[in-house]
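Participant: Next up is a structure, given as structure tokens.
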Amino acid sequence: MSLNYYELFGLNPLFNIDLAALESNYRKIQSEAHPDRFVTASATEKLNSMQQATLANEAYQTLKNPANRAKYLLELQGITAISETNTAMPADFLMQQMEWREAIEVATADKSIDVLENLLHEIQAEAKSLQAYLINLLDAKNDYANATAATRKLIFIDKLSEDINRAIEQLE
């Protein structure tokens with residue numbers, strides 16, 4: 001029987017997780033599976049250790065990121081938040097996406113780090129709002145349809161934030 005990521009870290013399958021407990025449990029697993037502890041072990045034990053460390057890394061990276069965590073929670077319910085056949089977004093959010101992208105292009109062309117940083121703060125505030133909404137949808141209401149839409153938005157905002165940070169780095 002394989003454990004899901006929450007079980008691996010001894011956490012309840014919720015969006016609003018205790019990040020300190022996640023970190024602590026991750027470090028414990030990493031310590032237990034560290035290659036130095038298996039120097040004299042059999043090849044099978046070394047392989048098992050490596051697989052456990054790899055699983056712990058993947059699980060930790062998924063659960064510590066809110067967008068990935070929401071996506072994973074939906075996957076546990078058999079829902080694929082983002083797929084080639086399931087990309088619907090509300091028209092108002094699509095318009096907002098275009099406005100943000102255009103603002104990034106203009107600020108980058110103008111070499112305006114201040115504008116990019118302000119845009120990043122605006123987008124991060126939107127991400128925080130979506131995260132609070134997801135706590136309600138996933139943890140309290142089990143409203144997977146609306147959680148799927150909110151997760152798609154959060155995934156997009158994560159990508160947009162990465163693009164802004166990359167633009168800022170290139171301008172600095």
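Participant: What number goes with the only condition from (1) modelled with pLDDT of 95 or more; (2) in contact with an Asp or Glu (Cβ under 9 Å, 6 or more places away or on another chain) that Tyr133 does not pass?
Facilitator: Only one criterion is unmet by Tyr133, namely (2).
Participant: Pick out the one residue from Glu99, Glu126 that is acidic (Asp, Glu), out of contact with any Asp or Glu (no Cβ under 6 Å at 6 or more places or on another chain), modelled with pLDDT of 95 or more and within 24 Å of Asn16 (Cβ to Cβ).
Facilitator: Glu126
Participant: A further question on this structure: Here is a check on your reading of the model: is Ala56 within 25 Å of the chain's Cα centre (by Cα), in a helix (DSSP H, G or I) and surrounded by 15 or more Cβ atoms within 10 Å (Cβ to Cβ)?
Facilitator: For Ala56, the condition - within 25 Å of the chain's Cα centre (by Cα), in a helix (DSSP H, G or I) and surrounded by 15 or more Cβ atoms within 10 Å (Cβ to Cβ) - is met.
Participant: Here is a follow-up. Could you please give the count of residues in segment 79-120 that are part of a loop (DSSP other than H, G, I, E, B), within 13 Å of Leu171 (Cβ to Cβ) and not hydroxyl-bearing (Ser, Thr, Tyr)?
Facilitator: Residues in segment 79-120 being part of a loop (DSSP other than H, G, I, E, B), within 13 Å of Leu171 (Cβ to Cβ) and not hydroxyl-bearing (Ser, Thr, Tyr): 2 in total.
Participant: Can you tell me which of Ala125, Ala91 is aliphatic (A, V, I, L, M), farther than 26 Å from Leu14 by Cα and open to solvent by 30 Å² or more (accessible area, probe 1.4 Å)? Show your work before the answer.
Facilitator: Working: Ala125 fails: farther than 26 Å from Leu14 by Cα.
Just a single option satisfies the conditions, and that option is Ala91.
Participant: Shifting gears a bit: Which residues, taken from segment 144-163, are basic (Lys, Arg) and surrounded by 19 or more Cβ atoms within 10 Å (Cβ to Cβ)?
Facilitator: First, pick out the residues of segment 144-163 that are basic (Lys, Arg): 152-153, 159.
Result: Arg152, Lys153.
Participant: For Glu32, only one of the following conditions fails: (1) surrounded by 13 or more Cβ atoms within 10 Å (Cβ to Cβ); (2) over 24 Å from the mean Cα position of the chain (by Cα). What is its number?
Facilitator: Result: Glu32 passes all but (1).
Participant: Can you say whether Lys71 is open to solvent by less than 80 Å² (accessible area, probe 1.4 Å) and among the basic types (Lys, Arg), as far as the supplied structure shows?
Facilitator: So Lys71 fits the description; yes.
Participant: Which residues, counting only those in segment 106-122, are open to solvent by less than 80 Å² (accessible area, probe 1.4 Å) and out of contact with any helix residue (DSSP H, G or I) (no Cβ under 9 Å at 6 or more places or on another chain)?
Facilitator: Matches in segment 106-122: Ala109 only.
Participant: Considering each residue of segment 1-22, count those that are assigned to a helix (DSSP H, G or I) and in contact (Cβ under 8 Å) with a residue 12 or more places away in the chain, and give that number.
Facilitator: Counting residues in segment 1-22 that are assigned to a helix (DSSP H, G or I) and in contact (Cβ under 8 Å) with a residue 12 or more places away in the chain gives 6.
The values are calculated or read from the model by the stated rules, or taken from the named source; none is laboratory data. Everything quoted here is computed from the prediction, not taken from an experiment. Positions of Cβ are generated from backbone atoms using ideal geometry, with glycine treated the same way; all protein chains shown enter the neighbour counts. These accessible areas exclude ligands, DNA and RNA; they are computed on the full protein's heavy atoms, side chains included. Shrake-Rupley method; radii C 1.70, N 1.55, O 1.52, S 1.80 Å.
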